[in-house]
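Engineer: Starting off with a structure, shown below.
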Amino acid sequence: MPSSGKAKGKRSRFRTTRAKSFCENNSENAETKIRVGICAMEKKARSKPMKQIMQRFDDTIFEFVIFGDKAILEDPVEEWPVVDYLIAWHSSGFPLEKAADYVKLRKPPIINDVSMQRELLDRRRVYEILTQQGINVPRHVVLSEEDRLDPLAVRESEDWVEIKGTRFNKPVVEKPVDSEDHNIHIYYPMSAGGGSKRLHRKVGDRSSTFRQDENELRREGAFIYEEFIETQGVDVKVYTVGPHYGHAEARKSPVVDGKVNRNEDGSETRYPIILSSEEKLIANKVCVAFRQGVCGFDILRVHGKSYVCDVNGWSFVKTSQKYFDDCAQLLSEIILSAVRHRGVPGNSAVAPLTIDHKPRRSTSQEGPGSGGSSSRHRGSPVHPAGDVAGSASHLPSTRRASQSESPTSRKAGQLIDAAAD
């Protein structure tokens, strides 16, 4: 594998060539750039990983427009910036319905479908969609508030629980149906000492706590109850950039002892891993089914099988320079292929384009300085997975790409395993 310096040099030459082609083909409109809107809470939009990715884009072609908290929370969508391409994702406090109204109004091409992000907020829907796609999920039962009206809906003993007639031997996992609620409980059998473990968002160096004397299920609320899958203390997190690229990392599971292992820089200790052929296909299916081009999800590996236990939506690797390089390059290709901004030449990372390399005249009906987009945007929003849903059968096994091969030069229909490079 080339050193990071050499890799950056190669990518810099790629961007310089692309910028030169753009300027030569658009000499009359040299100042025109592709306006990429970042519609997310400002803390997320200006996070260190997001800055790492944005600064790798060619600034002679792309201009980032961060909407900001004030516009997102206070201004009507009619006053939000008009952009050529939209990157929008939900986090705590983000007005998802308002963002959906903006997409309906402006119809920009988008990398992550805003309406589908509603589904990600409900763990029941996440499991339903995964099951519909033939993706393995842990054996589970949903218990709603209405189900609790039946006195026989929940039965407990020292070593098992029974939910709506389905029995789970402990340990058993209890998840709130609300994906924003990270208070997940694991109940252990009395034959192994009993007690429960409380998983939560990382606080300092802790990701879970053990309660020896708390053995009973929660009595209020809607939950998913599922079998506990023993993974030998390792969680796998996968990050897609489009339906044919996946970066996977392993970390110590919070179930082990609740202590977060950290590197010298304070980040959680993780190490890259290679995805199996099955997991590559899963990554493609998750990206396409949820219409989230940039998407993180969690895999549990046991006895040669892989189970998806969570889908997070927009998520990216926090510290990998290689991932930042690949992500920026692939996103730039995806955006270029969707916008086809004034005839910019190049091949898409999503699907090959037939381009005559002749400059195209703008069809924008808006006046100068309006930041408006062309009439191309009058159609439906473009999703990165829209034209490749049927390509999953062409996914390769664990073939390594040539060291000199850039991510965007590979043929469509291949899921690139970042760890394999």
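Bear in mind these aren't lab numbers, they're just calculated from the coordinates by the rules spelled out. For clarity, every value in this text was computed on a predicted model and none was experimentally measured. Heads up, the Cβs are rebuilt from the backbone with ideal geometry, glycines too, and the neighbour counts pull from every protein chain shown.
Engineer: Could you give each residue of the stretch 79-94 its phi-based ³J(HN,Hα) in whole Hz, using Karplus coefficients 6.51, -1.76, 1.60 with θ = phi - 60°, and x for Gly or Pro?
Structural biologist: 9, 5, x, 8, 10, 7, 8, 10, 10, 9, 8, 7, 8, 3, x, 7
Engineer: Here's a follow-up. List, in the order given, every pair from Lys33/Lys107; Lys164/Lys237; Lys70/Lys259 whose Cα-Cα distance in the structure shown is over 28 Å.
Structural biologist: As for pairs spanning more than 28 Å Cα to Cα, those are Lys164/Lys237; Lys70/Lys259.
Engineer: Hey, can you grab everything whose amide H is under 5 Å from the amide H of Val154? Only 5+ residues off in sequence or another chain; H modelled, so Pro and N-termini drop out.
Structural biologist: Distant-sequence amide H within range of Val154: Lys164.
Engineer: I'd like to compare 174-187, 234-247, 210-223, 102-115: which one has the highest average count of other Cβ atoms within 10 Å, and what's the full order after that?
Structural biologist: Details: 174-187: 17.9, 234-247: 25.2, 210-223: 12.9, 102-115: 20.6.
Peptide ranking by packing, descending: 234-247, 102-115, 174-187, 210-223.
Engineer: What full-extension length gain, to one decimal in nm, is calculated for Arg139 and Ala153 as 0.36 nm per residue of separation minus the Cα-Cα distance?
Structural biologist: On the way: separation 14, 0.36 × 14 = 5.04 nm, distance 1.74 nm.
So the extension gain works out to 3.3 nm.
Engineer: Pairs Lys51/Lys280; Lys280/Lys318; Lys48/Lys98; Lys202/Lys252; Lys48/Lys280; Lys202/Lys318: which are spaced more than 19 Å apart, C-alpha to C-alpha?
Structural biologist: Lys51/Lys280; Lys280/Lys318; Lys48/Lys98; Lys48/Lys280
Engineer: Taking a ≥ b ≥ c as the square roots of the Cα gyration tensor eigenvalues, with a/c under 1.5 meaning rounded and otherwise prolate when a/b beats b/c, else oblate, which class fits the stretch 201-250? Kindly include the intermediate steps, with their values, before the conclusion.
Structural biologist: Numbers: a/c = 2.34, a/b = 1.82, b/c = 1.28.
Here the stretch 201-250 falls in the prolate category.
Engineer: Taking a spot 7 Å from the Cα of Asn261 along the direction of its beta carbon, which residues of the stretch 199-240 have an amide N less than 12 Å from it?
Structural biologist: Within reach of a label on Asn261: 233-235.
Engineer: Okay, next question. What spacing in nm lies between the two simple spin-label points modelled at Asp122 and Tyr271, each 7 Å away from Cα in the Cβ direction?
Structural biologist: Reported label-point gap for Asp122 and Tyr271 is 4.1 nm.
Engineer: Per residue of the stretch 167-178, what does 6.51 cos²θ - 1.76 cosθ + 1.60 with θ = phi - 60° give for ³J(HN,Hα)? Whole Hz please, x for Gly and Pro, Karplus curve as stated.
Structural biologist: Running phi through 6.51 cos²θ - 1.76 cosθ + 1.60 with θ = phi - 60° gives 9, 10, 6, 6, x, 10, 9, 10, 10, x, 5, 6 Hz.
Engineer: Taking amide H atoms as placed 1.01 Å from N in the peptide plane, list the residues 5 or more away in sequence, or in a different chain, whose amide H sits under 5 Å from that of Gly293.
Structural biologist: Asn112, Asp113
Engineer: Okay, next question. Sketch the reach of a paramagnetic label on Val203 as a point 7 Å from Cα along Cα-to-Cβ, and name the residues of the stretch 164-181 whose backbone nitrogen lies under 16 Å away.
Structural biologist: Flagged as within label range: 181.
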